[in-house]
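What follows is one structure encoded as structure tokens, with my remarks underneath.
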Amino acid sequence: MSRVASARSDGRERVLVLAPTARAASETFIRANLSGLSLTLTAYFGDERPLKAPWRLAYGSSILLSKLFTRLHWLRLAGLPAACVALALIRRHQPDVVMVEFGFEAVRVMEACAWSGVPLVVHFRGSDASAERRLGLLKGRYRRLLAMAAGVIVKSRPMADTLLALGAPADRLLISPSGANAALFQGSDPAAAPPVLLAVGRFVAKKGPLQTLRAFALLCRDPAVARLKPELWMVGEGPLLASARSLVVELGLQEQVRFLGVRSQDRVAQLMREVRGFVQHSMVAPDGDSEGNPVAVMEAQLSGLPVVATRHAGIPEVVLEGQTGLLVEEGDEAGMARAMARLLMEPDLAARLGDCGRRRIQEQFTIEHHLRQVEQLLRQVIDDCEVHRGARL
């Protein structure tokens with residue numbers, strides 16, 4: 001009996017998941033995949049090195065070695081340590097498919113799939129398909145990766161176009177935003193909320209926190225808006241937080257801007273029920289790093305909030321201009337200020353945009369939508385592998 005037939009005897013195909021980390025807050029949706037897919041999953045993470053779990057120690061140590069070789073630009077050698085351990089894990093767990101989170105992790109282990117004949121699905125998420133430190137350095141390795149991949153998952157059409165140009169299989173490329181959690185994000189009433197705007201995200205260049213602050217400062221110079229005493233609440237932390245704090249002092253906004261630090265998803269959902277609208281000035285960072293499809297934008301819309309954001313990456317695919325939110329060009333701080341002012345001055349508009357956004361996300365962009373799409377791709381890859389294996393016999 002084939003390995004696939006054996007796996008299907010209980011109706012649950014086996015998936016080996018390899019990912020760089022299980023710890024970072026940004027990997028929420030990796031954990032959602034693990035808990036939400038109706039497949040038998042076994043996961044290993046590159047930042048785990050527990051002494052009492054030798055296989056996890058081996059995988060984490062091999063990833064550490066691969067990172068060292070990559071920094072030395074020994075790119076071909078960098079793929080050997082993790083690939084050898086991944087091959088041992090494939091032999092140990094006998095998966096029907098290997099799913100690797102992030103392209104930079106996939107190039108470290110891809111040869112294990114070539115050696116074993118087990119199909120590989122790669123899940124790209126953002127910086128791994130845009131930042132120069134990733135895409136520029138690994139472009140040659142990505143061509144090899146995409147040539148052998150049986151499936152590719154991306155977050156947006158621009159990301160898909162980038163990878164198609166590098167050889168991704170068009171018939172096995174899934175565009176699937178990670179989606180928002182309908183159980184948490186609900187109940188906002190923007191028309192009744194005070195004139196408060198909320199931003200959620202790491203303080204890094206591609207999230208545009210400084211641009212958001214400067215746009216808010218322009219907003220506050222409008223006497224009609226200033227009379228409303230608007231506030232901006234910012235959730236998150238990161239390398240630009242100190243600069244953001246300094247900018248607030250420079251702009252004289254200490255009474256109107258609140259830095260709330262990192263908050264749990266439950267707390268973020270509650271904050272979204274207390275504000276008029278959601279704002280995010282996403283943009284291409286100086287190193288080329290770009291968004292995939294910001295989850296916080298979908299969470300805000302699912303809550304019922306109107307969104308002010310930029311025409312960047314996958315944002316226009318989930319925020320419809322004039323229907324579910326207001327979009328401006330990257331770097332257009334004056335345009336963002338005008339858009340934010342409309343939400344504060346026109347509560348009925350905020351309510352209408354928020355309601356349309358909520359219905360759109362419910363219909364197309366929840367976590368459940370994403371998980372079913374990923375599961376369908378994985379099953380399709382497994383089915384195709386079984387057919388090809390049967391044809392060879």
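The values are calculated or read from the model by the stated rules, or taken from the named source; none is laboratory data. Predicted model only: the values in this text are computed from it and were never measured. Cβ: placed from backbone, ideal geometry, glycine included. Neighbour counts: every protein chain shown. Protein only, heavy atoms only, side chains kept; ligands, DNA and RNA dropped before computing areas. Shrake-Rupley method; radii C 1.70, N 1.55, O 1.52, S 1.80 Å.
Go through region 62-73 and report how many residues are at pLDDT below 85 and either closer than 15 Å to LEU18 by Cβ or surrounded by 13 or more Cβ atoms within 10 Å (Cβ to Cβ) (or both).
Residues that pass the stated criteria total 1.
Which one is nearest to GLY277 (Cα to Cα), of the residues in region 303-335 that are in contact with a Lys or Arg (Cβ under 8 Å, 6 or more places away or on another chain) and assigned to a helix (DSSP H, G or I)?
Here the answer is SER303.
Among GLU255, GLU237, which is closer than 20 Å to VAL297 by Cβ, acidic (Asp, Glu) and either out of contact with any helix residue (DSSP H, G or I) (no Cβ under 9 Å at 6 or more places or on another chain) or assigned to a strand (DSSP E or B) (or both)? Before the answer, list the steps.
Details: GLU255 fails: closer than 20 Å to VAL297 by Cβ.
Sole residue among the options that is closer than 20 Å to VAL297 by Cβ, acidic (Asp, Glu) and either out of contact with any helix residue (DSSP H, G or I) (no Cβ under 9 Å at 6 or more places or on another chain) or assigned to a strand (DSSP E or B) (or both): GLU237.
Among the numbered criteria (1) under 24 Å from the mean Cα position of the chain (by Cα); (2) surrounded by 14 or more Cβ atoms within 10 Å (Cβ to Cβ); (3) modelled with pLDDT under 80; (4) under 19 Å from GLU375 (Cβ atoms), which one does ALA22 miss?
Just one mismatch for ALA22, condition (4).
Restricting attention to region 200-212, which residues are more than 25 Å from ASP355 (Cα to Cα), open to solvent by 20 Å² or more (accessible area, probe 1.4 Å) and part of a loop (DSSP other than H, G, I, E, B)?
Listed by number, the residues that qualify are ARG202, VAL204.
How many residues are part of a helix (DSSP H, G or I) and closer than 17 Å to SER127 by Cα when one looks only at region 283-302? Give the steps one after another, and end with the answer.
Taking region 283-302 and keeping what is part of a helix (DSSP H, G or I), we get 295-302.
Pick out the ones that are also closer than 17 Å to SER127 by Cα and you get 295-296.
The number of residues fulfilling the criteria is 2.
Restricting attention to region 281-316, and to residues there that are in contact with a strand residue (DSSP E or B) (Cβ under 7 Å, 6 or more places away or on another chain) and open to solvent by 10 Å² or more (accessible area, probe 1.4 Å), which single residue is modelled with the lowest pLDDT?
Among them, the one singled out is VAL295.
Is it fair to say LEU89 is modelled with pLDDT of 90 or more, more than 25 Å from LEU174 (Cβ to Cβ) and assigned to a helix (DSSP H, G or I)? Lay out the reasoning, then the answer.
Details: modelled with pLDDT of 90 or more: yes; more than 25 Å from LEU174 (Cβ to Cβ): no; assigned to a helix (DSSP H, G or I): yes.
Taking the combined requirement at face value, the residue does not satisfy it.
Taking ALA215 and the conditions (1) closer than 20 Å to PRO158 by Cα; (2) open to solvent by less than 10 Å² (accessible area, probe 1.4 Å), which numbered condition does it fall short on, given that it satisfies the others?
Going through the list (1) closer than 20 Å to PRO158 by Cα; (2) open to solvent by less than 10 Å² (accessible area, probe 1.4 Å), ALA215 breaks only (1).
Residues are listed down the side, and each one gets a yes or a no for (1) charged (D, E, K, R); (2) within 17 Å of ALA19 (Cβ to Cβ):
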position: ARG91; (1), (2): yes, no
position: VAL107; (1), (2): no, yes
position: MET110; (1), (2): no, yes
position: CYS113; (1), (2): no, yes
position: SER116; (1), (2): no, no
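Where in region 95-199 are there helices (runs of 4 or more DSSP H), lying fully within it, with 3 or more residues that are buried (at least 24 other Cβ atoms within 10 Å of the Cβ)? Steps first, answer last, please.
Values: elements: 103-116, 137-148, 157-165.
Counting at least 3 such residues, we get 103-116.
Just to check your reading of the model, which residue among ALA82, ALA78 is modelled with pLDDT under 90 and farther than 30 Å from VAL200 by Cβ? Explain how you work it out, then say what you get.
Working: ALA82 fails: modelled with pLDDT under 90.
Only one candidate passes the filter, namely ALA78.
Would you mind stating whether LEU353 is over 27 Å from HIS281 (Cβ atoms) and either of a type in the set (A, V, I, L, M) or free of Cβ contacts under 8 Å to residues at least 12 places away in the same chain (or both)? Can you show your working first?
On the way: over 27 Å from HIS281 (Cβ atoms): no; either of a type in the set (A, V, I, L, M) or free of Cβ contacts under 8 Å to residues at least 12 places away in the same chain (or both): yes.
Answer is no for this residue.
So, in region 352-366, exactly how many residues are within 13 Å of GLY325 (Cα to Cα) and buried (at least 21 other Cβ atoms within 10 Å of the Cβ)?
5
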